[in-house]
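Since every read-out is calculated from the coordinates, none of them should be taken as a lab result. Just so we're clear, the structure is a prediction, and the values are computed from it rather than from any experiment. Because the Cβ atoms are built from the backbone with ideal geometry, glycine has one as well, and the counts that use them run over all protein chains shown.
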Amino acid sequence: MSLIEVRNLKKVYTNEEVETRALDGASFDIKKGEFVALMGPSGSGKSTLLHILGFLDRQTSGEYKFNNKTFDDFTEEEIAKVRNEKMGFIFQSFNLLSRRNVYDNVILPLVYSSTPERDWDKLAKEAINSVDLSHRSGHTPAQLSGGEKQRVAIARALVNKPEVIFADEPTGNLDSNSGLEIMEILRELNDEKGHTIILITHETYTAEHAERILHILDGRIDSDGKVTERRGVKDFLK
Amino acid sequence: MHIKYVFKTAVASLKYNKSRSILTILGIVIGVTAIILVVSLGKGAEGLILDQIQSYGSGIVEVAPGRKPEGLTDIMNISLDSLKERDLKALRNPNNVRGVDVVMPVVMRTMVISYEGDIFRPTVIGATPDFDKIFSIYPDRGMIFSESDVAGRRSVVVIGSEIEEEFFSRTEALGKKISIKGRPFRVIGVLKESGQMTFFNPDKMIVVPYTTAQKYLLGIDHFHAIEIKAESEKMVPMIAHDITLTLRELHGIDNPDKDDFYVSTQDEAMDMVGSITGILTALLVSMAAISLVVGGVGIMNIMLVSVTERTREIGLRKALGATKKNIQKQFLLESVILTGTGGIVGILVGLGLSVLIFIILGQVLSMGWKFAFSIPAALIGIGVSMLVGLVFGIYPAKKAAEKSPIEALRYE
């Protein structure tokens, strides 16, 4: 059974009576434990797709099942809970709380979860440790480099041990070195901890870290194929 | 969602905008300060007046002509000459009224008096030699006129200290003759200086035998009041009752509504002062409360700004699993913390000012001002200011909660 099932998904925005078809009948499945890149030029509908997959937005028509359930199977509170416990989000612009330190940022999803408070500290420290930022725990985002900020965001996405991590252009604001570092971490999460990862990018170079690439064009899946030669740190060192 | 964390978050964000937060709560601070101050001043003034009423003489019952007026225009319809010599006689009879120490008639009017070309306008009081017991004022020098002065309608006068200063700054007052309505009165006593009382100033009055005042100064045969001093305070209600029965009998009145006199006791006067200051305080407090509403509007304004500024943060929190309720709670708590803090600061400032006023009026000017701080008023102050936070915080908090996460995340 697939973790994510998408069938003929459409999303139409109406702005001043002009219809924009952001998604126009996309269909695909993603299994548990996959590392999939959604690739496409800007305006191809990949962000819209990610929002729908993350239950942040609703489709106009078609079907999206997450763990065999649709948006309408949940109450609003339950949707929040699914986002909180089953999904992790990583954004291009990090979206950290600028006034709070690393630790407080990472702990944020736990605050909205049903995890008992006594476990928060341990989980947060584990997550911070897994992105090698223990020494920065008390720093605020302003004191961190771009790569470090994105690592905080990853720790935050991880802290609730979600089934799937959505990463929306996670390297978009980073230099290539930091970008590579981030991709390595995502790869590790996928390889070693079995997190399903859905990556959005417009760079082939970044997409090739994934094991499968879905190309989106004009709101539809244009191609769907395995990556034969996955990129990794070794390429960079060459 | 843990309230402790919400609290921490709210405090952190308020601290971040420290000067803005302080300016925002200023309205609340001022409002609560005003309330605390008004209540404290009201209580202080009330205490001051009550003390004076008490020092004016405890156990005093006053009978005044006419009935209790039922409104301003009603005063005109009241006959004011119903108390005469026969009433005095009846009230002095122990078979009619028991437990009485002194029964004294009073007539009074403000009149021009003069001495060697100097003129002055004091209150001229016509009384009996017992006025010292009733008014609690005593001669400093000389003496009070005697019963025989009253019986003989002699033209003698006891003067207040300020009148002595006015007329006799260089000479001895005793034995001199001052002129009241063209009639010479011999000064036989000077009263001790006592300062302004609530309702009259003994320093600015002169006292003559009431018989003399009635006949030569006023040309009347009734009294403006009869003052009765009880043997003990406990007997006041009984005396008031006896007086009422005696005068009704004497005046042939069966229907209490037709009474042509009324009896008042010090308790009543104190109750009245209490209710007047109570009404005044309530009035001023409700005016001060308006500033709390104004402060509330300021809070709402700033919270709306804050919601807009933190659109991205709201979107992020929602993406990470915050429900509408979580967001609403967070913003509501922020505004309640703001106004609650304002309330506490307001109470402290109000308390500080009350202490300052106490020091100035009570200690420096020794006015007998007592320090008063109302704990219920303080609790109401905090309660109301938190309520203001709640009421004016709901709209911004709802607005925050309704933001869609993607719109919010896109917001720059």
- What are the principal axis extents of the Cα atoms in chain B, in Å, biggest first? 103, 58, 36
- Query: Taking region A:4-237, how much of its Cα-Cα pair set, in percent, is spaced more than 25 angstrom apart?
  - Reply: 41 percent
- Query: Where Lys and Arg each count +1 and Asp and Glu each count -1, what net charge lies around B:E116 among other residues with Cβ under 13 Å from its Cβ?
  - Reply: +1
- With r defined as the distance between the Cβ atoms of B:I119 and B:S146 and R0 fixed at 22 Å, what FRET efficiency is calculated, to the nearest 0.05? 0.15
- Note on the structure: Rounded to the nearest 500, the 222 nm mean residue ellipticity computed for chain B from DSSP H runs (n ≥ 4, each -39500 (n - 2.57)) alone is -17500 deg cm²/dmol
- Query: Label B:V355 and B:Q54 with points 7 Å out from Cα along Cα→Cβ: what is the distance between them in nm?
  - Reply: 2.6 nm
- Message: Calculate the FRET efficiency for A:E19 and A:S223 from the Cβ-Cβ distance with a Förster distance of 25 Å, rounded to the nearest 0.05.
- Response: 0.45
- Message: Just to verify a number: FRET efficiency for A:E184 and A:E117, C-beta to C-beta distance, R0 = 30 Å, to 0.05?
- Response: 0.35
- Span-like helix ranges in chain A, DSSP H, alpha carbon extent 30 angstrom or more, Kyte mean at least 0.0: none
- Query: Fewest to most neighbouring Cβ within 10 Å: what's the order for A:F28, A:F66?
  - Reply: A:F28, A:F66
- Query: Among B:R92, B:R109, B:R317, whose mean-square fluctuation peaks in a Gaussian network model of chain B (Cα, cutoff 10 Å)?
  - Reply: B:R317
- Query: So what's the net charge close to B:P129: Lys and Arg +1, Asp and Glu -1, counting the other residues with Cβ under 10 Å from its Cβ?
  - Reply: -3
- The alpha-carbon center of region B:132-182 and that of region B:296-326 are separated, in whole Å, by 79 Å
- Once the Cα atoms of the protein assembly as shown are picked out, what are the Rg and Dmax in Å? 44.1, 136
- Message: Suppose a student asked you for the relative contact order of chain A, using Cα pairs under 8 Å spaced at least 6 residues apart; what percent would you report?
- Response: 28 percent
- Item | Surrounding net charge for B:A372, when Lys and Arg each add one and Asp and Glu each subtract one, Cβ distance under 11 Å | +1
- Item | DSSP bridge pairs, the protein assembly as shown: antiparallel proportion in percent, nearest 5 | 65 percent
- Partner chain Cβ atoms within 10 Å, averaged over the residues of B:321-329 - can you pull that number for me? 5
- Of B:K4/B:K399; A:K32/A:K122; A:K81/B:K18; A:K65/B:K15; B:K176/B:K234; A:K122/B:K399, which sit over 32 Å apart, Cα to Cα? A:K81/B:K18; A:K65/B:K15; B:K176/B:K234; A:K122/B:K399
- Task: Pick out, from A:G40, A:S93, A:V152, the residue whose Cα sits farthest towards the positive end of the charge dipole of region A:4-237, with +1 on the Cβ of Lys and Arg and -1 on the Cβ of Asp and Glu.
- Result: A:V152
- Note on the structure: Reduced to Cα centres, the span from region B:1-39 to region A:175-206 in Å works out to 45 Å
- Query: Kyte-Doolittle mean at least 1.0 and Cα extent at least 24 Å along the axis: which DSSP H helices of chain B qualify?
  - Reply: B:18-55, B:266-309, B:324-357, B:375-402
- Message: Suppose a student asked you for the relative contact order of chain B, using Cα pairs under 8 Å spaced at least 6 residues apart; what percent would you report?
- Response: 29 percent
- Query: Percent antiparallel among DSSP beta bridges with both residues in chain A, to the nearest 5?
  - Reply: 55 percent
